[in-house]
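**Student:** Please find one structure pasted underneath; my questions will follow.
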Amino acid sequence: MTELTKLTIAEARDMLTARELTSAELTDAYLAAIDSANASFNAYVTVTHDKARDMAKASDARLAKGEGGALEGIPLGIKDLFATEGVHTQACSHVLDGFKPRYESTVTANLWADGAVMLGKLNMDEFAMGSSNETSYYGAVINPWRAKGSNADLVPGGSSGGSAAAVSAWLCAAATATDTGGSIRQPAAFTGTVGIKPTYGRCSRWGIAAFASSLDQAGPITRDVRDAAIMLKSMASVDDKDTTSVDRAVPDYEAAIGQSIKGMRVGIPKEYRVDGMPPEIEALWQKGIAWLKDAGAEIVDISLPHTKYALPAYYIVAPAEASSNLARYDGVRYGLRVPGKDITDQYEKTRAAGFGREVQRRIMIGTYVLSAGYYDAYYLQAQKVRTLIKKDFEDVFAAGVDVILTPATPSAAFGVADQDMAADPVKMYLNDIFTVTVNMAGLPGIAVPAGLDGNGLPLGLQLIGRPFDEETLFRSGAVIEKAAGRFEPQKWW
Amino acid sequence: MSVDIQTVKRVARLAHIAVTDEDAERMSGELNTILGFVEQLNEVDVSGVEPMTSVIPMEMKKRRDEVTDGNKAADIVANAPATEENFFLVPKVVE
């Protein structure tokens, strides 16, 4: 049975359609894998055994009649940020204790409408704020990858650390995730999986707990590029319930896989060569350039002059929006309530007990930069810089560049409870240095595994595309995947 | 601009988060580190640059002003810590 859990979505789909495999068998294989291995990773915070088996049975009935949807019978893990009706939805925060929504997020509703099966809810950084999955109220997630000759626990990245670990350790066929500053692409890079953050407005944000509304986007984490295309096709939609959902038909992304990149113009931004970047990352980048060139692409040196300001601008814009979005958690309508001597005391005690340190830190920063007298100096300045960051990208695309190639992260996965990062929040924030620009400009970005470092840990490359040109990312991502091969952790669990 | 402990306490009140003196001390260090990091934005020349309001150019969607949903009070209060007859219960706020 263990081999079933190694199938890609595309492989499982073909076997299910051919009736060589039932969704019940596949779902049971995943549930057994979760029951035996989840304790090693802490990837799932809730496993929905009964619901999974019921959904699988319904899928098998539809498949028997030849009525299967695009994801019929495929077992998925869902990040805890997505509202799932009647099922644990707490953004991995104490403040949402016991919350079981009476509604379903648009993205998950789309997946179920296409026949997917829910295995459970996945661990994440609290309210998606973190780059190591260590801010979760439910504890850290452990990366299935270990350095050669070492038993030390590594982080899977964050905030979608549970999603990345579960896909990498074969505990689901694919997972939903979200990305505000790199939360899909960085964990994908740390676990040898594929992660795509689509263009802002491509996936509905309705029913996803909001962190920073102008930056948040949902996307998948998968075993390979083709699976990412299959998942995104189902997740994306036009939704009247989200006013920022863009009215644009969802293309057949899978058709882009295998298409030639001959003549494609690939931009290499000089500003992504940062001080202190390990030589292995630079070497990986050069390999990626060579692979795309060999496949017929034209390599162009480009400049994105405001790159270095993206991360500081992000740490004003994102906390500002978060401080506003998280004002709703007050112990009145849902979740935790800590009684106080009056209502203000109740709010203050509830929020002090309910939010973890990182979330409190970001609410405080956001409240400060939006407070009287500071708004212009911080928030307005950051939004102006954001305009310039976006213009950098617009200029290179206008000059004929089709896609931009960069490293996905400045390092491979680091250790759980890293002392340097614990001592300085900015050190942790630097993980997102290559990914955050993409959120600031609203563009699509994909992280594709491209090699291993000297310790045998996976490293990823990132491709950045024009707005709504995810197809070019799948096309070029598939070329990198074909050249680099796929990467699997050594099973120690 | 350096954030002192009094400022941390004032911001915490605005954010409705109870902080002890010890929390405020720790937070002031962390906040100053982050504010020190974002300070570099001041070196960017933004004269004549419009602040971003929408990352993807789009017109605000509108719909007819009609009631399309409702009659689900029980669903809305289902997750509340304290309710009575479909009202949220809170400590007394008016004497």
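**Student:** Per residue of B:35-47, count partner chain C-beta atoms within 10 Å of its C-beta, then hand back the mean as an integer.
**Tutor:** Per residue, the average neighbour count from other chains is 6.
**Student:** Count, for each residue of A:118-125, the Cβ atoms from other chains sitting within 10 Å of its Cβ, then give me the mean as a whole number.
**Tutor:** Per residue, the number of nearby Cβ atoms from other chains is 0 on average.
**Student:** Report the FRET efficiency, 1/(1 + (r/R0)^6), for residue B:69 and residue A:243, where r is their Cβ-Cβ distance and R0 is 22 Å, rounded to 0.05.
**Tutor:** The calculated FRET efficiency here is 0.90.
**Student:** Under the classification rounded if a/c is under 1.5, otherwise prolate if a/b is larger than b/c and oblate if not, where does region A:366-435 fall, given a ≥ b ≥ c as square roots of the Cα gyration tensor eigenvalues?
**Tutor:** Here region A:366-435 falls in the oblate category.
**Student:** Still on this structure, please answer the following. Which of rounded, prolate or oblate describes region B:43-83 when judged by the alpha-carbon gyration tensor and an a/c cut-off of 1.5?
**Tutor:** It is oblate, given that a/c is not under 1.5 and a/b is not larger than b/c.
**Student:** What is the distance in Å between the Cα centroid of region A:416-493 and that of region A:261-301?
**Tutor:** 14
**Student:** In vacuo Debye scattering of region A:238-286, one point per C-alpha: log10 I(q)/I(0) at q = 0.19, 0.21 Å⁻¹?
**Tutor:** Rounded to two decimals, the profile gives -0.83, -0.85.
**Student:** What base-10 log of the normalised intensity I(q)/I(0) is obtained for chain A from the Debye formula, alpha carbons as equal point scatterers, at q = 0.05, 0.09 Å⁻¹?
**Tutor:** Taken in order of the listed q values, log10 I(q)/I(0) reads -0.17, -0.56.
**Student:** Where does the charge balance sit around residue A:389 when Lys and Arg score +1, Asp and Glu -1, over other residues with C-beta under 12 Å from its C-beta?
**Tutor:** With Lys, Arg at +1 and Asp, Glu at -1, the net is +1.
**Student:** Among A:166, A:120, A:178, which residue has its Cα furthest toward the positive end of the charge dipole of region A:115-195, with +1 on Lys/Arg Cβ and -1 on Asp/Glu Cβ?
**Tutor:** Towards the positive end, the residue furthest out is A:166.
**Student:** Could you work out what % of the accessible surface of chain A is carbon and sulfur, using a 1.4 angstrom probe and leaving DNA, RNA and ligands out of the count?
**Tutor:** 50
**Student:** Note the buried accessible area between B and A here, summed over both chains, with a 1.4 Å probe, in Å² to the nearest 100.
**Tutor:** Interface area, both chains combined: 5300 Å², rounded to the nearest 100.
**Student:** In deg cm²/dmol and to the nearest 500, what is the mean residue ellipticity at 222 nm of chain A if only DSSP H runs of at least 4 residues count, each as -39500 (n - 2.57), divided by the residue total?
**Tutor:** Dividing the helical sum by the residues of chain A leaves -11500 deg cm²/dmol.
**Student:** Further question on the same structure: Taking the Cβ-Cβ separation of residue A:259 and residue A:18 as r and a Förster radius of 25 Å, what is the calculated FRET efficiency to the nearest 0.05?
**Tutor:** 0.45
**Student:** Taking every DSSP beta bridge that has both residues in the protein assembly as shown, what percent is antiparallel when rounded to the nearest 5?
**Tutor:** 70
**Student:** Something else now. Per residue, how much accessible surface does chain A expose to a 1.4 Å probe? Answer in Å², no decimals.
**Tutor:** Using a 1.4 Å probe on heavy atoms only, each residue of chain A averages 32 Å².
**Student:** Normalising by the residue count of region A:350-491, find the relative contact order in percent from Cα pairs under 8 Å and 6+ residues apart.
**Tutor:** 22
**Student:** Please sort A:216-224, A:40-48 by packing, taking for each peptide the average over its residues of neighbouring beta carbons within 10 angstrom, highest first.
**Tutor:** Highest-to-lowest ranking by the protection proxy: A:216-224, A:40-48.
**Student:** Of the options A:39, A:135, A:339, report the single residue whose Cα projects farthest towards the positive end of the charge dipole of the protein assembly as shown (beta-carbon charges: Lys, Arg +1; Asp, Glu -1).
**Tutor:** Ranked along the dipole, the leading option is A:39.
**Student:** Could you work out, residue by residue across A:93-102, how many beta carbons of other chains sit within 10 Å of that residue's beta carbon, and then give the average as an integer?
**Tutor:** So the per-residue partner count for this stretch is 2.
**Student:** In debye, nearest 20: dipole of the protein assembly as shown around its Cα centre with unit charges on the Cβ of K, R (+) and D, E (-)?
**Tutor:** 420
**Student:** So what's the gap between the Cα centers of region A:127-146 and region B:21-44, to the nearest angstrom?
**Tutor:** Centre-to-centre (Cα) distance: 24 Å.
**Student:** Heavy-atom accessible area of residue B:22 with all protein chains present, probe 1.4 Å, nearest 10 Å²?
**Tutor:** We get 150 Å² for residue B:22.
**Student:** Sorted by average packing, counted as other Cβ atoms within 10 angstrom per residue and highest first, what order do A:89-101, A:409-421, A:190-202 take?
**Tutor:** Descending packing order for the listed peptides: A:190-202, A:89-101, A:409-421.
**Student:** Please state the shape class of region A:105-180: rounded when a/c is under 1.5, otherwise prolate if a/b exceeds b/c and oblate if not, all from the C-alpha gyration tensor.
**Tutor:** In terms of gyration-tensor shape, oblate.
**Student:** Now a separate question. Which net charge results when you count Lys and Arg as +1 and Asp and Glu as -1 among the other residues whose beta-carbon is under 15 Å from that of residue A:77?
**Tutor:** Residues near residue A:77 contribute +1 overall.
The values are calculated or read from the model by the stated rules, or taken from the named source; none is laboratory data. This is a predicted model, so every value here is computed, not measured. Note: ideal-geometry Cβ built from the backbone for every residue, glycine included; neighbour counts use all protein chains shown. For the accessible areas, the whole protein counts, side chains as well, though only heavy atoms, and no ligand, DNA or RNA atoms are used. Shrake-Rupley method; radii C 1.70, N 1.55, O 1.52, S 1.80 Å.
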